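Quick note: the coordinates plus some simple rules give every number you see, no bench work behind them. It should be emphasised that the depicted structure is a prediction, and the values quoted were computed from it without experimental measurement. Cβ: placed from backbone, ideal geometry, glycine included. Neighbour counts: every protein chain shown.
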Amino acid sequence: MIEFTNVSKKFDGQFALKDLNLTIDDGELFVLVGPSGSGKTTLLKTINRLVVPTSGIVKIDGQNVADSHLQKLRRHIGYVLQTGALFPNMTIEQNASIQLDNLGWGVQEKHARIVELMTKVNLDPDQFLNRMPSELSGGEAQRVGIVRALAARPKLVLMDEPFSALDPVSRRQLQKIILNLHKQIDTTIVFVTHDMHEAFLLADRLAVIHNGVLLQEGEPNYLMANPANEFVKRFFDVDNSGDQLLKQVINSGLGRHLAKGDNVIRLQNSQTVYEWAGLLEKNPGQLISVDGEVLSQGDLISYIADLGKEPANG
């Protein structure tokens, strides 16, 4: 568990973070999102003490990071930068093994671990281990960076806008890789991005940060359906998510007020129309209740039909 308590940071007299409180649970893929300069990378770096707060406390598993031995702290935290940041004079296997060298792993043990992870990020070990960084594409180099961060089986991995410099195809491939890896490994991932679509795709939970202030945190669907303020609402831009929430169905004017005797199943406004459709597949004709309104199977059909209509000209 990572706990931020009243964390503030000033640079040249200006707040980069201001009295921020947040808890990240073990095993989460937690995303810090906000516009450029919002303070999200500064917050990330307080975890491994690349940034020292002006005031406040950062704890990992109850231990104040300010009281931790710096090398030991960082040795057990994986870190992925915006670029692969590989050493140009070392082979891919040597780059990926750096942390294992520091921990004193044996040659065969190191090799087996790197081969395992290279396979997981879809890089053929036979083809890539002996290459030099100059022979890799940006996406391939970033995959090696991910392997290096995960090699020592850290409980925590920090990822600072790791895909921002990549082309859309490579970015999408790596997003899928991170999601698959997170399902397979017992690791907490804290991921920074300014891309709300990426945040929505990856996050178990996310925090929206603006001007160093935590505006709202929670599950993506809940935040999109219940933004804390106008900034969060605008920043989410629901069209980017690809999801249609029951909140949006209610806001479209469909449904009727809940009446006494209605046989309904209650759903949250942050659930999607796809979850509603799945319910109807199992229980045709079932009424649902959302925010005190009743929606029928016909309402779903009407809503989907309206989504498919071309907007009127003029």
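For an R0 of 25 angstrom, estimate the FRET efficiency from the Cβ-Cβ distance between Asn180 and Ile98 and round to the nearest 0.05.
E(calc), rounded to 0.05, equals 0.55.
Treating only the Cβ atoms of Lys and Arg (+1) and Asp and Glu (-1) as charged, compute the dipole magnitude of the chain about its Cα centre; round to the nearest 20 debye.
Charge dipole of the chain: 680 debye, to the nearest 20.
Using the Cα gyration tensor of the chain, with a ≥ b ≥ c the square roots of its eigenvalues, what is the shape: rounded (a/c below 1.5), prolate (a/b larger than b/c) or oblate (neither)?
Details: a/c = 2.27, a/b = 1.65, b/c = 1.37.
Verdict is prolate for the chain.
Hey, what angle do you get for helix 297-307 against the long axis of the chain, alpha-carbon based, 0 to 90 degrees rounded to 10?
Long axis of 297-307 versus the principal axis of the chain: about 60 degrees.
What FRET efficiency do you get for Lys72 and Asn263 if R0 is 45 Å and r is their Cβ-Cβ distance, rounded to the nearest 0.05?
Between Lys72 and Asn263 the formula returns 0.15.
Counting Lys and Arg as +1 and Asp and Glu as -1, what is the net charge of the other residues whose Cβ lies under 11 Å from the Cβ of Gly34?
Details: positive: Lys40; negative: Asp195.
Around Gly34, the surrounding residues sum to 0.
Convert each backbone phi in region 282-294 into a coupling constant with the Karplus relation 6.51 cos²θ - 1.76 cosθ + 1.60 (shift: θ = phi - 60°), then list the ³J(HN,Hα) values in order as whole Hz, x for Gly and Pro.
These are the phi-based 3J(HN,Hα) values: 7, 9, x, x, 5, 7, 10, 10, 9, 6, x, 10, 9 Hz.
Quick check on region 2-240: of the DSSP beta bridges with both residues there, what percent are antiparallel, nearest 5%?
Expressed as a percentage, antiparallel bridges in region 2-240 total about 50.
Trypsin sites (Lys or Arg not before Pro) within region 206-286: which are DSSP loop residues with at most 16 other Cβ atoms inside 10 Å?
The qualifying sites are Lys260.
To the nearest 500 deg cm²/dmol, what mean residue ellipticity at 222 nm is calculated for the chain from DSSP H runs of n ≥ 4 alone, each contributing -39,500 (n - 2.57), summed and divided by the residues?
-10500 deg cm²/dmol
Take every DSSP beta bridge with both residues inside region 246-307 and express the antiparallel ones as a percent of the total, to the nearest 5.
The antiparallel proportion sits near 60 percent.
Using θ = phi - 60° and the Karplus relation 6.51 cos²θ - 1.76 cosθ + 1.60, list the HN-Hα couplings for region 25-38 in order, rounded to whole Hz, with x at every Gly or Pro.
Couplings: 7, 4, x, 7, 9, 9, 10, 9, 10, x, x, 4, x, 7 Hz.
Helix 138-150 versus the longest principal axis of the chain: what angle, 0 to 90°, nearest 10, using Cα atoms?
With rounding to tens, the tilt is 80 degrees.
If R0 is 22 Å, what FRET efficiency do you get for Ser55 and Glu230 from their C-beta distance, rounded to 0.05?
Details: r = 29 Å, r/R0 = 1.32.
That pair, Ser55 with Glu230, gives E of 0.15.
Is the shape of region 246-307 best called rounded, prolate or oblate, per the rule: a/c under 1.5 gives rounded, else a/b larger than b/c gives prolate, else oblate, with a ≥ b ≥ c the square roots of the Cα gyration tensor eigenvalues?
rounded
Amide H neighbours of Lys10 under 5 Å, at least 5 residues apart or on other chains, H built in the peptide plane: list them.
Counting only residues 5 or more places away or on other chains, the set is Ala16, Thr54.
For region 189-235, just say rounded, prolate or oblate: build the C-alpha gyration tensor, square-root its eigenvalues into a ≥ b ≥ c, call rounded for a/c under 1.5, and beyond that prolate if a/b exceeds b/c, oblate if not.
It comes out oblate by the Cα gyration axes.
For the cross-link pairs Lys72/Lys155; Lys40/Lys120; Lys9/Lys233; Lys110/Lys176; Lys40/Lys72, which exceed 21 Å when the distance is taken from alpha carbon to alpha carbon?
Among Lys72/Lys155; Lys40/Lys120; Lys9/Lys233; Lys110/Lys176; Lys40/Lys72, the Cα-Cα distance tops 21 Å for Lys40/Lys120; Lys9/Lys233; Lys110/Lys176; Lys40/Lys72.
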